[in-house]
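Report on the structure given below.
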Amino acid sequence: MKVLVTGGAGFIGSHLADALLANKHAVTVVDDLSTGRREFVPGGAEFIEADITTLKFVDITQRIAPDVVCHLAAQISVSESARNPQGDAEMNICGSLNVLSAAQRAGVKRFINISSGAVYSPLATLPYRESAVAAPLSPYGVAKLAVEHYCQYFAQFRGLPTVTVRLGNVFGPRQNPLGEAGVIAIFLQRMLGGEPVEVHGSGAQAKDYIYVSDVVDALVCLLDAKLPEAKDMTGRCYNIGTGVPRSVNEIFTLLAGIASYRLAPVPGPARPADQRLVTLDCGRARKVLGWKPQVKWEEGLRWTHEWFAANRSMFAN
Ligand SMILES: NC(=O)c1ccc[n+]([C@@H]2O[C@H](COP(=O)([O-])OP(=O)(O)OC[C@H]3O[C@@H](n4cnc5c(N)ncnc54)[C@H](O)[C@@H]3O)[C@@H](O)[C@H]2O)c1
């Protein structure tokens, strides 16, 4: 199949492009390289530098006429969305709408939308099921939820089959450690440089962390799956996580052990709009897709450490 990956020069998108090529799909990556890196795009993929919010993107999609679009391009910082909700919405809502419209016009057969556990209400029962109340705390989550609804609209009224994944906190090689998202990458980059590591709030806040190859497996499953029910392609959501909460304090201790880091954590202010506890119920993905995470927690941390130890200078300020 011909697959167009938006954001394919980024952390998750580049791993997805690798896996799609390994599965013999033809891959085109569109990315504006705002946070992504050209060298992460695998050699076998076509790369086009473009912004998804533009008409140029619509023309590119028309020319490629992909069978599947995997839409990952996004402004990914929750804090940035709180500082500049309008800018976040222009990218994450209007940009995604442009991708949806382009996909519809190009006759795409399956549109895979990447959303987040950030859409759930913190008051919903844990672990969050897909049917739990969605009431995001952050503009980032609001935008992700809006796009989920647009996906449902495009499926129901514009003939574009869509499906959404709500990811937990993804970690692994190539994650950018210089932003505010991705605590494992940030900690490793600082620990390997012998720099102080700041822990926000009490450090007891716990999220559902999932290794990047498990996320990619889920996306590849969705791409190939013969989804049996009509509702499966009308924007239905699938949680993708492990269901196990891991606290920031636990992550600090484990990574300090792996990286032989001796300094104590530096206390920092709690982050506004940060969910305290997140775990995802992934029963639907298990049942419908036959997917389940394969990578053990500490194994994923060790592999991530190995990669950052070998590539730390790539992200030097
Ligand atoms: N990493 C996580 O823990 C996590 C969790 C939940 C959801 N997600 C979602 O997964 C997707 C990928 O995230 P990631 O962690 O790989 O982040 P990333 O920043 O590494 O990847 C995003 C990519 O999109 C590109 N991009 C940004 N704006 C663009 C634009 N206007 N036009 C074209 N390309 C643009 C960036 O250059 C980058 O390569 C995002 O939609 C994100 O919201 C990530």
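How big is the charge dipole of the chain about its Cα centre, in debye rounded to the nearest 20, if each Lys and Arg gets +1 on its Cβ and each Asp and Glu gets -1 on its Cβ?
Value, rounded to 20: 600 debye.
With +1 on each Lys and Arg Cβ and -1 on each Asp and Glu Cβ, how big is the dipole of region 1-118 about its Cα centre, in debye rounded to the nearest 20? Please list the in-between numbers first.
Values: 10 positive and 12 negative charges, 81 e Å.
The dipole magnitude comes to about 380 debye.
Taking 20 Å as the cut-off for C-alpha to C-alpha distance, list the pairs among K24/K109; K207/K292; K207/K296; K24/K296; K144/K207 that go past it. Before the final figure, lay out each step's value.
Values: K24/K109 18 Å; K207/K292 18 Å; K207/K296 16 Å; K24/K296 27 Å; K144/K207 18 Å.
Over 20 Å apart, Cα to Cα: K24/K296.
How big is region 87-221 by the Kirkwood estimate over distinct Cα pairs, in Å?
After inverting the mean inverse Cα-Cα distance, the result is 16.8 Å.
Which Rg and Dmax, in Å, describe the Cα atoms of region 83-159?
Gyration radius and largest Cα-Cα distance of region 83-159: 13.5, 40 Å.
Quick one: go through region 69-110 and flag any residue whose amide nitrogen is under 19 Å from the point 7 Å out along the Cα-to-Cβ line of Q156.
97, 100-101, 104
Give me Rg over Rh for region 231-302, both radii from the alpha carbons and Rh done the Kirkwood way, two decimal places.
Radius of gyration over Kirkwood radius for region 231-302 works out to 1.09.
Give the residue list of trypsin sites (Lys or Arg not before Pro) in region 215-267 that are DSSP loop and have at most 12 other beta-carbon atoms within 10 angstrom.
Filter output for region 215-267: K226, R262.
Treating each Cα of region 135-201 as an identical point scatterer and ignoring solvent, apply the Debye formula and state log10 I(q)/I(0) at q = 0.22 Å⁻¹.
The calculated log intensity ratios at q = 0.22 Å⁻¹ are -0.96.
How big is the chain along each principal axis, measuring the range of its Cα positions in Å and listing the largest first?
55, 43, 38
Which value in nm describes the separation of the simple spin-label points at L263 and E250, placed 7 Å from the Cα toward the beta carbon?
2.5 nm
Just name one of Q205, V133, P161: the one whose Cα is farthest towards the positive end of the charge dipole of region 128-260 (beta-carbon charges, Lys/Arg +1, Asp/Glu -1).
Highest projection toward the positive end goes to P161.
In debye, nearest 20: dipole of region 185-227 around its Cα centre with unit charges on the Cβ of K, R (+) and D, E (-)?
The calculation lands at about 40 debye.
Which of G194, G13, G117 ends up with the largest GNM mean-square fluctuation for the chain, with Cα atoms connected below 10 Å?
G194
Which value, in nm² and rounded to one decimal, describes the direction-averaged projected area of the C-alpha convex hull of region 1-149?
The directionally averaged projection comes out at 9.0 nm².
Rank A9, I60, A106 by how far each Cα sits towards the positive end of the charge dipole of region 1-129 (+1 on Lys, Arg Cβ; -1 on Asp, Glu Cβ) and give me just the farthest.
A106
Over region 37-79, one equal point on each Cα, no solvent: what is log10 I(q)/I(0) by the Debye formula at q = 0.26 Å⁻¹?
-1.21
Rounded to the nearest 500 deg cm²/dmol, what is the calculated helix-only ellipticity per residue at 222 nm for the chain, with -39500 (n - 2.57) per DSSP H run of length n ≥ 4?
-10500 deg cm²/dmol
If you take every residue apart from E195 with its C-beta less than 13 Å away from the C-beta of E195, what net charge results, scoring Lys and Arg +1 and Asp and Glu -1?
Within the 13 Å Cβ shell, the charges total +2.
Picking from Q275, F308, P265, whose Cα lies most toward the positive end of the charge dipole for region 265-313 (charges on Cβ: Lys, Arg +1; Asp, Glu -1)?
Q275
Sort largest first and round to whole Å: the equivalent ellipsoid semi-axes of region 1-84, each the square root of five times a Cα gyration tensor eigenvalue.
Result for region 1-84: semi-axes of 22, 15, 10 Å.
Coordinate-derived values only; no laboratory data. Everything numeric in this text was worked out from a predicted model, so none of it was measured. Note that each Cβ is placed from the backbone with ideal geometry, even for glycine, and that neighbours are counted across all protein chains shown.
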